[in-house]
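Have a look at the structure below before the remarks.
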Amino acid sequence: MQTHQYEALIVGGGGAGLMAALYASRGARTAVISKLYPTRSHTGTAQGGIGAALGNLEEDRPEWHAFDTVKGGDYLTDQDAALVLAEGAIEAVIELEHLGLPFDRTPEGRISQRRFGGHTSNFGGKPVRRACHSADRTGHMILQTLYQQCIKNNVTFFDEYHVVDLIRNGDAVVGVVAVNIDSGELHVFHSKAVLFATGGWGRVWEVTSNAHTLTGDGNVITYRRGVPMQDMEFFQFHPTGIYKMGILITEGVRGEGGVLLNDRGERFMEHYAPSIKDLASRDVVSRAIFLELRAGRGIKGQNYVHLDVTPETVNRYLAEAGESRRITGEYIESKLPDILDFCRTYLGVDPVKEPMPIQPTAHYGMGGIPTDLDGRAVIDAQRTPLPGLYAAGECACVSVHGANRLGTNSLTDLIVFGLRSGKHMAQYCQGTDFTPLPSNPAGEIEAELERIRHASGTRKPYELRAEMQKVMMQQVSVFRTAEGMQEAVNTIQRLQDEYRNNLVIDDHGQRFNSDLLEAWELGCLLDIAQVTTASALAREESRGAHSREDFPKRDDEQWMVHTLAYRTADGGVELNHDKPVDLSLAAKDERFKPKERVY
Amino acid sequence: MQVTMRIRRFNPEKDKKPYWGEYTLDNVEPNDRVLELLHRVKWEQDGTLSFRRSCAHGVCGSDGMRINGVNRLACKVLVNALGEGDHVKIQVEPMLGLQVLKDLIVDMEPFFEHYRSVMPYFVNNDPVPADGRERLQSAAARARFDDTTKCILCACCTTSCPSFWADGKYVGPAAIVQAHRFIFDDRDQAADERLKIMREPDGVWRCRTIFNCTSACPRDIEVTRAIGEVKMAIRRGGRGAIQETEGTEEAGGEG
């Protein structure tokens, strides 16, 4: 077995991982390990923009951004983190520009900005232009720019190495085990510090915007090694996924003036968010769509509504609102080229001429590995750091997104906290020695992979996965009840049992054994489904993306706390609700105190 | 409808040489993606079938392959684009010009080596603006290289290029697209160095203007045009000159 030694290891090559790598590598011997080529990472699919209060087109301030983030998160957001995010965003976006990122430009040559859901001026006033964008492929540009800079700075990459375990020696974090996907061999990576930046886990659900590879690996690897998962009941359904396929249609469509219409042609968001309408937070809009569908107002009675960005419709509503701005088909072509391409390719629908059929799609995990403001994993309600373990990006929970993430804040999160984690790791590595590896560090994971490779049951991974995705979509999505979630708990338990005792795969070989690795990923998805459902069942209130029909009100008396979920020795979930939300801004400023959330 | 998938198979642990596997799928929808069909073969019939994929909507660039003889992303080509009626035949094979590792998976290392050889990163050694803000760039200057920023490094262009098939040392269209993206960015300062790389024997002059790359690009980048602009920049002796004239033209055009 090959053993490598680096001071700092970054697991995952998306935006958070690459940003961290750029900074960590300035002070520590660093390697990035990714199960994909880094440019395949899902950061590349982010469309609309990255939020930062640059104020290039109108007045904006970081405090306003922090306020929107806190309110958008339905007050579960840690307020110290929201301020760090909002203040750090400005520097971070400017740094991306200095690294060459080709932002769209204003007539004055500055970074162009547009409106996005939930982003307002002056503590909840009018929508503000805060999303810095590069057409509708902002994430692509971020991913490419960071990868390019990593090449420039000779960052070491292990591409197509699939990390499957975290190595601990006693309490210390001492490295990871990875499968070289090409050869099938296990490699041990010995390190002083490990950062997980493995992204999301949208593949738990049936309809999702997420890549096939988003299976929550980092969260589950650390969970199985004693680290909790935080706030897993909060998973965002983005309102506008392409009907049935789940492919994301950016909120930027609504930022440019697009509106949601039901079967009667009503702009129904006027009823749910009278002030900012279609630009309300994502949880609000997704619930509105569900309610419209439930009331039988889906298009032609089907399970979708329309998103209309045709110039005719947009201009009509702009005129109604008394705005002087008008748009043309050409303008839409220049601002949303990829969206037009998706719709033309996959639906045969031309959004310049006709509305798009959309439905909510599983999109983003607000929860994850709990961390502090420097990306250090914190493992209990007292926020005690686990030295040497870091997380950043979607797999982490700082928590800036609270119960619901605002659009554009995912990109901001991964740049701001990727940077802070990378810096902290470099410092940490300089002041720390290597802890020796334990004996046979890959033994356990090797046994588990061999069990899967040669399992002789009857159920194939895709069957179990499909069952899980279906029950999660039906019972643990936009609206939830105790009864439905109990059904999900039972189903997942049965599936986990079948996974352990009745699995079979076809490929028993070594090289590029994606049959084996997909099966291992299914184990991760099942653990995430289990933790998500247990966390959601316990939280008897409605907040942000977690909407209980049997507990429809937010309960600040009891639930201004984060959920911590620990794995028990027998594979169960133990929940802890002793970690209070940080309210440090509210302590100084009334406006940050929790109140009813109205858009 | 029913689809017969004819897939080029090769398992280095078992097979001496590649062979064709045939798989029949029922209940296929005309707007299913080829990637979905590959998944159905893998999940329902033969788990040993190996291919790369991730985002499944044409953005990550993982699943470039040769479908009915043309390089495509499997997630971006629908069954109805390949045939109509009750029965459709689809042939899938790995991209050409790179070594096959297993089934539809090719060795991407030579491709990324060419990518790295063209300085595919932003260079500007001036101090950043004193006000701590962004460098300014006009919308027209930004538009100048927009097309080549779209590249997702899927290799569909390079592995459809006869010049690359003939000699893998040719840097290939994708790497030239990357060079173009920076050569024509007026904030960048390394255009001359990149043009020097492009002038070398394995550089841009190996292009014979066959246009396969442009037809293959799933992002609709005008690859051949970009290559032509790099050739032109070499002839004119650098991007400085070309940018001055073009900038003037564009400013005039924009009115």
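The values are calculated or read from the model by the stated rules, or taken from the named source; none is laboratory data. Please read these numbers as outputs of a predicted model, since none were measured by experiment. For neighbour counting, all protein chains shown are included, and Cβ atoms are generated from backbone atoms with ideal geometry for every residue, glycine included. When the accessible area is computed, the model is the full protein with side chains, heavy atoms only, and any ligands, DNA or RNA have been set aside. Shrake-Rupley method; radii C 1.70, N 1.55, O 1.52, S 1.80 Å.
Side notes on the structure shown:
- Residues (of a type in the set (S, T, N, Q) and under 25 Å from residue B:50 (Cβ atoms)) located in the range A:470-520: A:502, A:510, A:513, A:514
- Segments classed as helices (runs of 4 or more DSSP H), wholly inside the range A:292-372, with at least 1 members that are modelled with pLDDT of 95 or more and under 30 Å from residue A:74 (Cβ atoms): A:311-320
- Pick from the range A:317-347, criterion farther than 30 Å from residue B:140 by Cα and surrounded by fewer than 20 Cβ atoms within 10 Å (Cβ to Cβ), ranking: farthest from the other protein chains (Cβ to nearest Cβ): A:320
- Restricting attention to the range B:91-144, the residues being in the same structural domain as residue B:168 (by TED's automatic domain parsing), of a type in the set (Gly, Ala, Ser) and closer than 29 Å to residue B:169 by Cα number 1.
- Within the range B:141-158, the set of residues being in contact with a strand residue (DSSP E or B) (Cβ under 6 Å, 6 or more places away or on another chain) and either among the aliphatic types (A, V, I, L, M) or touching a residue at least 12 places away in the same chain (Cβ under 8 Å) (or both) comprises B:154, B:155, B:156.
- Qualifying positions in the range A:121-168 - closer than 29 Å to residue A:73 by Cα, under 22 Å from the mean Cα position of the chain (by Cα) and more than 13 Å from chain B (Cβ to nearest Cβ): A:130, A:131
- Scan of the range A:275-291 for residues that are assigned to a helix (DSSP H, G or I) and open to solvent by 60 Å² or more (accessible area, probe 1.4 Å), ordered by number: A:290, A:291
- Among (1) open to solvent by 20 Å² or more (accessible area, probe 1.4 Å); (2) over 18 Å from the mean Cα position of the chain (by Cα) - the single one residue A:46 does not satisfy: (2)
- Some residue of the range A:260-274 being under 16 Å from the mean Cα position of the chain (by Cα) and in a strand (DSSP E or B): no
- Residue in the range A:380-387 that is outside the structural domain of residue A:562 (by TED's automatic domain parsing), in contact with a strand residue (DSSP E or B) (Cβ under 7 Å, 6 or more places away or on another chain), crowded, with 24+ Cβ neighbours inside 10 Å and at pLDDT 95 or above present: no
- Some residue of the range A:444-467 being open to solvent by less than 10 Å² (accessible area, probe 1.4 Å), closer than 30 Å to residue A:366 by Cβ and within 20 Å of the chain's Cα centre (by Cα): no
- Yes/no for residue A:405 being open to solvent by less than 10 Å² (accessible area, probe 1.4 Å), within 27 Å of the chain's Cα centre (by Cα) and under 30 Å from residue A:45 (Cβ atoms): yes
- Hey, residue A:101 surrounded by 24 or more Cβ atoms within 10 Å (Cβ to Cβ), in contact (Cβ under 8 Å) with a residue 12 or more places away in the chain and assigned to a loop (DSSP other than H, G, I, E, B) or not: yes
- Of all residues in the range A:16-43, those being in a loop (DSSP other than H, G, I, E, B), open to solvent by 20 Å² or more (accessible area, probe 1.4 Å) and within 14 Å of chain B (Cβ to nearest Cβ) number 2.
- Within this structure, residue A:512 passes the test of being surrounded by 14 or more Cβ atoms within 10 Å (Cβ to Cβ) and under 25 Å from residue A:187 (Cα atoms).
- Hits in the range A:473-485 - residues which are surrounded by fewer than 17 Cβ atoms within 10 Å (Cβ to Cβ) and polar (S, T, N, Q): A:474, A:481
- Per the listing A:546, A:577, the residue uniquely in contact with a strand residue (DSSP E or B) (Cβ under 9 Å, 6 or more places away or on another chain) and either at pLDDT below 95 or under 26 Å from residue A:118 (Cα atoms) (or both) is A:546.
- Residue selected from the range A:486-497 under the condition touching a residue at least 24 places away in the same chain (Cβ under 8 Å), surrounded by fewer than 23 Cβ atoms within 10 Å (Cβ to Cβ) and farther than 16 Å from residue A:524 by Cβ, by the criterion nearest to the chain's Cα centre (by Cα): A:489
- Looking only at the range A:517-533, and only at residues there that are touching a residue at least 60 places away in the same chain (Cβ under 8 Å) and open to solvent by 10 Å² or more (accessible area, probe 1.4 Å), the one that is nearest to residue B:103 (Cα to Cα): A:517
- Any hit, the range B:205-215, residues being open to solvent by 10 Å² or more (accessible area, probe 1.4 Å), aromatic (Phe, Trp, Tyr), more than 14 Å from residue B:234 (Cα to Cα) and in contact with a helix residue (DSSP H, G or I) (Cβ under 9 Å, 6 or more places away or on another chain): yes
- Checking residue B:113 against (1) within 30 Å of residue A:91 (Cβ to Cβ); (2) charged (D, E, K, R); (3) open to solvent by 30 Å² or more (accessible area, probe 1.4 Å), the condition it does not meet: (1)
- Matching entry among B:81, B:74 (being under 26 Å from residue B:158 (Cβ atoms), under 21 Å from the mean Cα position of the chain (by Cα) and open to solvent by 60 Å² or more (accessible area, probe 1.4 Å)): B:81
- Taken together, the residues in the range B:116-140 that are open to solvent by less than 60 Å² (accessible area, probe 1.4 Å), in contact (Cβ under 8 Å) with a residue 24 or more places away in the chain and either within 21 Å of residue B:203 (Cβ to Cβ) or more than 8 Å from chain A (Cβ to nearest Cβ) (or both) amount to 8.
- For the residues A:423, A:470, the requirement of being open to solvent by 10 Å² or more (accessible area, probe 1.4 Å), basic (Lys, Arg) and closer than 27 Å to residue A:210 by Cα singles out A:470.
- Here residue A:4 meets the list (1) assigned to a helix (DSSP H, G or I); (2) over 17 Å from residue A:119 (Cα atoms); (3) of a type outside the set (Ser, Thr, Tyr); (4) open to solvent by 10 Å² or more (accessible area, probe 1.4 Å) almost entirely, failing just condition (1).
- Check on residue A:263, within 30 Å of residue A:114 (Cβ to Cβ), out of contact with any Phe, Trp or Tyr (no Cβ under 9 Å at 6 or more places or on another chain) and either among the hydroxyl-bearing types (Ser, Thr, Tyr) or open to solvent by 10 Å² or more (accessible area, probe 1.4 Å) (or both): yes
- Some residue of the range B:222-241 being under 23 Å from residue B:67 (Cα atoms), within 12 Å of another protein chain (Cβ to nearest Cβ) and not polar (S, T, N, Q): no
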